[in-house]
1. Does Lys46 fit the bill of being farther than 24 Å from Asp118 by Cα and in contact with a helix residue (DSSP H, G or I) (Cβ under 7 Å, 6 or more places away or on another chain)?
2. Does any residue of the range 294-301 turn out to be among the basic types (Lys, Arg), modelled with pLDDT under 90 and either touching a Gly at 6+ places or on another chain (Cβ under 7 Å) or more than 18 Å from Ile220 (Cα to Cα) (or both)?
3. Of all residues being within 20 Å of the chain's Cα centre (by Cα) and of a type in the set (S, T, N, Q) in the range 54-111, which is surrounded by the fewest Cβ atoms within 10 Å (Cβ to Cβ)? Just the residue, please.
4. Charged (D, E, K, R), buried (at least 16 other Cβ atoms within 10 Å of the Cβ) and not in a helix (DSSP H, G or I) - does that describe any residue in the range 249-260?
5. How many residues are part of a helix (DSSP H, G or I) and buried (at least 23 other Cβ atoms within 10 Å of the Cβ) when one looks only at the range 3-21?
6. Which condition does Trp333 not pass, out of (1) of a type in the set (Phe, Trp, Tyr); (2) within 30 Å of the chain's Cα centre (by Cα); (3) modelled with pLDDT of 95 or more, if it passes all the others?
7. Is there any pair linking a residue in the range 223-251 that is farther than 18 Å from His307 by Cα to one that is part of a helix (DSSP H, G or I) and aromatic (Phe, Trp, Tyr), with Cβ under 7 Å and at least six apart or on different chains, and which?
8. Just to be sure before I move on: is Phe347 surrounded by 15 or more Cβ atoms within 10 Å (Cβ to Cβ), assigned to a helix (DSSP H, G or I) and either out of contact with any Cys (no Cβ under 7 Å at 6 or more places or on another chain) or of a type in the set (A, V, I, L, M) (or both) in the structure I sent?
Amino acid sequence: MESVLVLAHADESGSALTKGSLEAVTAGKELGGRLGAELTIGIVAKHAASAAAQVAGAAKRLLAVQGEPFAQARFASDAAACEALCRAAQATIVLAPESSRFARVMAAVAHRVGGAIDTHITAIGGAGNVEATRWFYRQRIEAVVSREKRPWFLLVDLGTHAPYAGSGTHPAFAGAGAEAAHASDAAQAEVEEIAIAVELLAMRTEVTGTRAPKQGTQTIRPEAKLLFVAGAGWTKKQPDGQVHVEEAGELILKFLGASGASLGSSKSLVGQGGEGNSVLPFLTHLNQVGQTGSTPRHAKGLSTCCHGEEPHVVGWRFVGERRAVSLDPNCGWTRGKADVVYVADAFEVIARVNALLEKAASSS
């Protein structure tokens with residue numbers, strides 16, 4: 001009979017689970033319920049008390065590895081923690097979020113415990129057996145994978161499941177005074193804390209802090225409901241025969257600030273800088289969406305000054321509602337790739353939208 005383990009880790013605070021971890025918990029609950037399998041949650045965090053509270057009642061058993069060595073992402077400590085959790089749980093199916101922290105260590109963990117691993121899982125189905133769905137070739141080919149080897153590790157792509165929204169506190173990770181006040185939570189789950197002895201001197205990597213390059217406005221917002229994509233048309237000659245890059249930058253940044261949208265870009269616009277052409281100063285290759293860029297997941301998407309060719313549109317596969325603004329009535333967006341297409345000047349449209357957003361903000 002199958003048993004399911006969900007591995008989760010804390011965010012930068014060290015005490016709260018990441019959104020991706022909570023999504024993995026949801027996937028684990030759905031899989032466990034469908035298979036009738038026992039669900040165990042394993043937590044890696046500096047302080048496990050509040051992290052465990054976020055998944056109170058989600059599983060019959062909670063395991064935790066906590067302490068200062070696990071506050072920061074590091075291969076040696078994270079791999080040791082996940083390996084210990086897997087050996088303690090003895091689960092046949094192990095789910096984990098496809099985060100940068102777990103993605104770099106989970107293949108090694110699977111090797112250490114003699115298992116198999118598949119990454120970028122978008123859905124988990126199957127009735128009598130487990131079937132994992134993932135994409136290949138830049139989200140152009142969808143495959144359903146099933147394996148006999150156990151334990152089977154599945155890294156779940158972020159944004160494919162709703163985050164688990166449970167609440168509570170588990171006395172095993174909290175102070176002694178919390179036991180009586182939260183007896184009902186203790187009845188919901190048997191909580192066990194695993195202590196792993198890690199010799200810091202044996203580690204070759206010591207986390208001393210974080211250094212980030214200087215940057216301007218934050219334009220990439222994975223949690224935003226709207227994806228705003230800027231195409232190369234913003235930097236081309238306008239009806240007056242002139243290029244208005246500064247005005248385009250101001251309009252886009254104002255829209256992002258008022259709407260809270262995340263900024264994406266086509267490859268042609270991002271690559272213009274290397275060709276000596278005018279570029280938007282706040283754009284980097286991290287903003288690129290498409291076959292050679294990212295495949296973000298947002299509820300809605302608005303494309304501007306972009307032709308909507310297939311190499312770019314493939315990056316929109318997981319965007320729910322698609323809209324586009326283009327002066328070309330025969331662009332790729334009008335050929336069934338967008339729900340709504342506005343044949344209009346993006347400069348005029350975004351300027352008008354910014355005015356409406358500003359008016360709405362002032363009246364509220």
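The values are calculated or read from the model by the stated rules, or taken from the named source; none is laboratory data. None of the values given here were measured: they were computed from a predicted structure. When we count neighbours, we look across all protein chains shown, and the Cβ atoms used for this are built from the backbone with ideal geometry, even at glycine.
1. Criteria met by Lys46.
2. Narrowing the range 294-301 to residues among the basic types (Lys, Arg): 297, 300.
Now narrow it down to the ones that are modelled with pLDDT under 90: 297.
Going one step further and asking which of them are either touching a Gly at 6+ places or on another chain (Cβ under 7 Å) or more than 18 Å from Ile220 (Cα to Cα) (or both), we end up with 297.
Scanning the range 294-301 turns up at least one residue that is among the basic types (Lys, Arg), modelled with pLDDT under 90 and either touching a Gly at 6+ places or on another chain (Cβ under 7 Å) or more than 18 Å from Ile220 (Cα to Cα) (or both).
3. Once the filter is applied, the top-ranked residue is Ser100.
4. Within the range 249-260, the first condition is being charged (D, E, K, R), and the residues that meet it are 250, 254.
Pick out the ones that are also buried (at least 16 other Cβ atoms within 10 Å of the Cβ) and you get 254.
Add one more test, that the residue is not in a helix (DSSP H, G or I), and what stays is none.
Among the residues of the range 249-260, not one is charged (D, E, K, R), buried (at least 16 other Cβ atoms within 10 Å of the Cβ) and not in a helix (DSSP H, G or I), which makes the answer no.
5. First, pick out the residues of the range 3-21 that are part of a helix (DSSP H, G or I): 19-21.
Those left that are additionally buried (at least 23 other Cβ atoms within 10 Å of the Cβ): 20-21.
Number satisfying all stated conditions: 2.
6. (3)
7. Partner pairs satisfying both residue conditions: Leu251/Phe347.
8. Values: surrounded by 15 or more Cβ atoms within 10 Å (Cβ to Cβ): yes; assigned to a helix (DSSP H, G or I): yes; either out of contact with any Cys (no Cβ under 7 Å at 6 or more places or on another chain) or of a type in the set (A, V, I, L, M) (or both): yes.
Considered against the rule, which asks whether it is surrounded by 15 or more Cβ atoms within 10 Å (Cβ to Cβ), assigned to a helix (DSSP H, G or I) and either out of contact with any Cys (no Cβ under 7 Å at 6 or more places or on another chain) or of a type in the set (A, V, I, L, M) (or both), Phe347 comes out as yes.
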